[in-house]
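Asker: Can you read through this structure? Questions will come right after.
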Amino acid sequence: MAIPVILDCDPGHDDAFALVLAAAHPAVRLLGITTVAGNQTVEKTTLNARRICTAAGIRGVPVAAGLSRPLHGAGIVAPDIHGESGLDGPGFGEPTVPVDERDAVTFLRDTLLAHPEPVTLVPTGPLSNIATLLLAHPELYGRIERIVLMGGSTGRGNRTPAAEFNILADPEAADIVFSSGLPVTMIGLNVSHRAVATPDVVARVAALGTPLARLCTELLTSYGTAYREVFGFPAPPLHDPLTVAHLIDPALVTLVHAPVAVELTGTHTRGATVVDLDGVTGAPPNAHVGVDVDVPAYWDLVVDAVRTLG
Ligand code: BDR
Ligand code: CA
């Protein structure tokens, strides 16, 4: 039976592919898309979610706009990687997919209550919406099957030497999620930096020849240019769809059960995920943490998803 999922995202080039994979694969039933400020403002990430749904023919999946800022302090955005639009590269027409009238947290509440089975939450942006839901509605914990998130790292960060973008963008929210006692799976940079969209991957997408494939090729090309200029990477890591790929094929990402703490106060390390892989703290494990990925199997899923929706 298909896994009921809500994707909580900040599109974002790699979020766009997470969306396509979640909508395309029969192992997932996409109940809704919630957006959050992250790669760009929430107005832009919401517009981008609607743009991708329109371009990929994803109809009947509600898109609800979420928080415009983190729980504390000022937000950060990532125009250096994702551009001023949050999805620079392709041209988009006016989206025909509407915005749900409910805000993201209300949509999440309503959907968790209405769905007959517990729902899997898949956050691929800052965790502001999810933490707000958990704080406002502790009665809904039992309605959440698990949380499978892209964020953090067992090693170094990307926005600071210590912190990954999604966690740095709202560390307090991340702390609430990791401390929630809910089943949390963390797929971080230590895994996603192995899943780089090399020229042969881009060529496989381009060879599909459909309008969606063209759009995806333009997204990968623009994203690749940014990663080369900002980080000096020869090819860009496609972080976010790893969450959905893991749901589709649990063997694709190797996980270990470990304690994860979010650094909230470090002078140079705020937003770091401190993962105790060796058990030296004696703290109880609170997350399943990705440590490896089957890269060829991952690209097969991503390319097939573009083919399916194209
Ligand atoms: C994460 O940050 C964002 O820029 C990407 O969309 C991804 O979710 C990687 O650090
Ligand atoms: Ca993202």
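The values are calculated or read from the model by the stated rules, or taken from the named source; none is laboratory data. Note that the structure is a prediction, hence the values are computed from the model and not measured. Positions of Cβ are backbone-derived with ideal geometry, glycine not excepted, and every protein chain shown enters the neighbour counts. Just the protein is used for accessible areas: all its heavy atoms, side chains included, with ligands, DNA and RNA removed. Shrake-Rupley method; radii C 1.70, N 1.55, O 1.52, S 1.80 Å.
Asker: Across segment 220-263, what is the total count of residues that are of a type in the set (Gly, Ala, Ser), within 17 Å of the chain's Cα centre (by Cα) and open to solvent by 10 Å² or more (accessible area, probe 1.4 Å)?
Answerer: Final tally of qualifying residues: 0.
Asker: Now, a different point. Which of the numbered conditions does ASP175 fail, given that it passes all the others? Conditions: (1) farther than 27 Å from ALA272 by Cα; (2) in contact with a strand residue (DSSP E or B) (Cβ under 7 Å, 6 or more places away or on another chain); (3) acidic (Asp, Glu).
Answerer: With respect to (1) farther than 27 Å from ALA272 by Cα; (2) in contact with a strand residue (DSSP E or B) (Cβ under 7 Å, 6 or more places away or on another chain); (3) acidic (Asp, Glu), ASP175 is out only on (1).
Asker: Now for a different question. Out of everything in segment 2-49 that is assigned to a loop (DSSP other than H, G, I, E, B) and of a type in the set (Gly, Ala, Ser), what residue ends up being nearest to ligand 2 (Cβ to nearest atom)?
Answerer: Among those residues, the one meeting the criterion is GLY12.
Asker: Here is a further query. Residues that are without any contact (Cβ under 8 Å) to a residue 60 or more places away in the chain and closer than 23 Å to GLU172 by Cα, at least 2 per element: which strands (runs of 3 or more DSSP E) completely within segment 236-284 meet that?
Answerer: 253-258
Asker: Residue by residue through segment 45-74, note down the ones that are of a type outside the set (A, V, I, L, M) and within 13 Å of ligand 1 (Cβ to nearest atom).
Answerer: If the condition is that a residue be of a type outside the set (A, V, I, L, M) and within 13 Å of ligand 1 (Cβ to nearest atom), then THR45, ASN48 are the ones that fit.
Asker: Out of VAL289, VAL295, I need the residue that is out of contact with any helix residue (DSSP H, G or I) (no Cβ under 7 Å at 6 or more places or on another chain), surrounded by fewer than 16 Cβ atoms within 10 Å (Cβ to Cβ), under 25 Å from ILE147 (Cα atoms) and among the aliphatic types (A, V, I, L, M). Which one?
Answerer: Going through VAL289, VAL295 in turn, the sole match is VAL295.
Asker: Looking only at segment 183-219, count how many residues are open to solvent by 20 Å² or more (accessible area, probe 1.4 Å) and either in contact with a Phe, Trp or Tyr (Cβ under 8 Å, 6 or more places away or on another chain) or at pLDDT below 95 (or both).
Answerer: Total meeting the criteria: 2.
Asker: Restricting the search to segment 185-216, which residues are under 19 Å from the mean Cα position of the chain (by Cα), of a type in the set (A, V, I, L, M) and not in a helix (DSSP H, G or I)?
Answerer: Within segment 185-216, MET186, ILE187, ALA195, VAL196, ALA197 qualify.
Asker: Here is a follow-up. Can you run down the residue pairs with Cβ atoms below 6 Å, 6 or more apart or on separate chains, where the first is in segment 160-186 and within 15 Å of ligand 2 (Cβ to nearest atom) and the partner is open to solvent by 10 Å² or more (accessible area, probe 1.4 Å) and among the charged types (D, E, K, R)?
Answerer: Taking only residues 6 or more apart or on different chains, the pairs are PHE165/ARG159; LEU168/ARG159.
Asker: Quick one: count up the residues across segment 65-83 that are assigned to a loop (DSSP other than H, G, I, E, B) and without any contact (Cβ under 8 Å) to a residue 40 or more places away in the chain.
Answerer: 3
Asker: Moving on to the next point. Enumerate the pairs (first residue in segment 198-221 and among the polar types (S, T, N, Q); second residue anywhere and in a helix (DSSP H, G or I) and open to solvent by less than 10 Å² (accessible area, probe 1.4 Å)) with beta-carbon separation below 8 Å, excluding pairs fewer than 6 apart on the same chain, so at least 6 apart or on different chains.
Answerer: Final answer for the pair search is THR210/VAL306; THR217/VAL205.
Asker: Still on this structure, I have one more. Output the residue which, of all residues in segment 160-175 that are over 16 Å from ASP15 (Cβ atoms) and not hydrophobic (A, V, I, L, M, F, W, C), is surrounded by the fewest Cβ atoms within 10 Å (Cβ to Cβ).
Answerer: Per the stated criteria, the residue is PRO161.
Asker: Here's another thing I want to ask about it. Going through segment 113-144 one residue at a time, which ones are open to solvent by 10 Å² or more (accessible area, probe 1.4 Å), touching a strand residue (DSSP E or B) at 6+ places or on another chain (Cβ under 8 Å) and either assigned to a loop (DSSP other than H, G, I, E, B) or within 16 Å of ligand 1 (Cβ to nearest atom) (or both)?
Answerer: If the condition is that a residue be open to solvent by 10 Å² or more (accessible area, probe 1.4 Å), touching a strand residue (DSSP E or B) at 6+ places or on another chain (Cβ under 8 Å) and either assigned to a loop (DSSP other than H, G, I, E, B) or within 16 Å of ligand 1 (Cβ to nearest atom) (or both), then HIS115, GLU117, PRO118 are the ones that fit.
Asker: May I pose another question? Taking the criterion of being in contact (Cβ under 8 Å) with a residue 60 or more places away in the chain and within 16 Å of ligand 2 (Cβ to nearest atom), would at least one residue in segment 57-64 satisfy it?
Answerer: no
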